[in-house]
Amino acid sequence: MIDLVLDILSWILLVLGGMCVLIGGIGGLRLPNFYTRIHAASLTDTMGTILIFVGMMLQAGLSLAALKLFAIMLFLLLTGPTATYALANAALLSGLKPDAGSASDDPKEKESQ
Amino acid sequence: MKRMRAKRVLQRGEARLSSILLLLLVLAISWLLWSGLYKPLVMGLGAFSCVLSVYLAHRMGFFRHHQAMFKVLHRLPGYWWWLLKEIVTSSIDVAKLILSPSLPISPTVVVLDAATKTDVGHVILGNSITLSPGTVTLDVHEGKLLIHCLTIEGAKEIQKGEANRRAAALEKK
């Protein structure tokens, strides 16, 4: 009985995590410029990671595998924002203005505007 | 030449032998647990990667900051629990924004005065802000954080300073 409940719970988490990754992808396409697209990626990066890893930990049960999965999740959550910071900071330092609002930074679209 | 070398040492911080050995021990134990293979070649590669990691940590100035890190370590689980709740609510907000047909975003850049004092505190605050969807830390400079927010509401939320206060509370004695 408890196995079934855990199984259902873990699948709910996995499906929700998959949805977060999908929405992050859609956001990457829909949002207008670089800095706003980072926010969509961070949805994939954090919520997707947490949901999918907790789902997999429930599948693994109480074992060394669950501990390893937890450690991987922790490392991803610690290094993810650092990588995002490196990306955003590099864009800032190379002169991409962050206060463009929702204007597109695609050169082709800029010409037609 | 001599002055340059002195400056370099300052930048990397003085590494005491005890802390180097401690880091090496932690790395070795976690490597042994993780791999579970005890062949000579794999062990050799493991030892090499442990030593390389310690060298890189030294180069990055890890030994300058690790004591400040140990001080906040025991308060982290409580902070993570609060951060998790924050991440869940802001994820739902961002998902709604992305999926709504009119795409009602209002990107804003704000400057936040960090209430944290140490470098480790700044890193924890900046990374927590980046970690919650809808806000990204663009720059950290002399205790000021430049933050890009997806909406004006998110920017106001940041300026209320809940994250700032909690990250600063981590550092208290």
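The figures follow:
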| read-out | value |
| --- | --- |
| Answer from A:Leu74, A:Leu69, A:Leu51 - the residue that is over 26 Å from B:Leu146 (Cβ atoms), surrounded by 15 or more Cβ atoms within 10 Å (Cβ to Cβ) and either facing chain B (nearest Cβ under 10 Å) or in contact (Cβ under 8 Å) with a residue 24 or more places away in the chain (or both) | A:Leu51 |
| Qualifying residue in the stretch A:80-90 (condition: modelled with pLDDT under 90, surrounded by fewer than 18 Cβ atoms within 10 Å (Cβ to Cβ) and facing chain B (nearest Cβ under 10 Å)) | no |
| Options B:His122, B:His58, B:His148; residue that is without any contact (Cβ under 8 Å) to a residue 60 or more places away in the chain, in the same structural domain as B:Val26 (by TED's automatic domain parsing) and surrounded by 13 or more Cβ atoms within 10 Å (Cβ to Cβ) | B:His58 |
| Number of positions in the stretch B:151-172 that are surrounded by 15 or more Cβ atoms within 10 Å (Cβ to Cβ) and β-branched (Val, Ile, Thr) | 2 |
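The values are calculated or read from the model by the stated rules, or taken from the named source; none is laboratory data. Values in this document were obtained by computation on a predicted structure and should not be read as measured data. Because the Cβ atoms are built from the backbone with ideal geometry, glycine has one as well, and the counts that use them run over all protein chains shown.
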